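Single-structure report; data block below.
The values are calculated or read from the model by the stated rules, or taken from the named source; none is laboratory data. These figures come from a predicted structure and were not determined experimentally. Ideal geometry is used to build each Cβ from the backbone, glycine not excepted, and the neighbour counts take in all protein chains shown. Areas reflect the complete protein model, heavy atoms only, side chains present, ligands, DNA and RNA absent. Shrake-Rupley method; radii C 1.70, N 1.55, O 1.52, S 1.80 Å.
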Amino acid sequence: MDWFMAATVGTAGGACMEAVDIIKAIKWHRRMPWNVQSDTVDPPHRRADTRPGEEHLPAPGWRAFCVAGVLRLLVGGVVAGVVAATYPQSANPLVAFLIGLGGLSAVQQATTLVPLMVKSAGRAAFGGVVEEAQSQAQALQQNGQPPPGQPAGPVLGPQTGGPPAGNLNAGAAAQQDPTGGGGAA
């Protein structure tokens, strides 16, 4: 099965899912879903995903439902076509139809995961850069060369390490009196 035929069958799956949603809405509200106003929804309590003031919005109308239906068909067909183009050996009509049924849900789930995937890919890429720089610095040190950014000779000036090994009292005095006006010695 080629990708175009799979996209067509996926579109049929999306159409079936849209029909099921409309049937459920008609059974629940006892009228066409595009004629349902937000204040006529039974029970009339406020849902968690409703913003303040949305309770009194007008009915969306048939055009909005047609646009939503066409977009669902498009999503089901595109997802089925992409899967068939990617895995042509496993594409058959049943698989394409099932992908069309769940295409919208799959895209919704994938869009919630994309920020997490980008974040982890960024961390992995940054971690690879750090690991590469560390391995290069270790290789230079093993060859007797200083790492990049380090001076080649002895370091002059204040050091942030501990006191020299031979003068432990001077280090203790410096720690006790940070102003340098003497120590406890």
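Below are the figures for this structure:
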{"item": "Pairs where the first residue, in the stretch 82-94, is closer than 8 Å to residue 3 by Cα and the second is part of a helix (DSSP H, G or I) and open to solvent by 70 Å² or more (accessible area, probe 1.4 Å), C-beta under 6 Å, 6+ apart", "result": "84/3; 85/3"}
{"item": "Residue in the stretch 28-47 that is small (Gly, Ala, Ser) and modelled with pLDDT of 75 or more present", "result": "no"}
{"item": "Yes/no for residue 94 being part of a helix (DSSP H, G or I), among the hydrophobic types (A, V, I, L, M, F, W, C) and either modelled with pLDDT of 80 or more or loosely packed, with under 10 Cβ neighbours inside 10 Å (or both)", "result": "yes"}
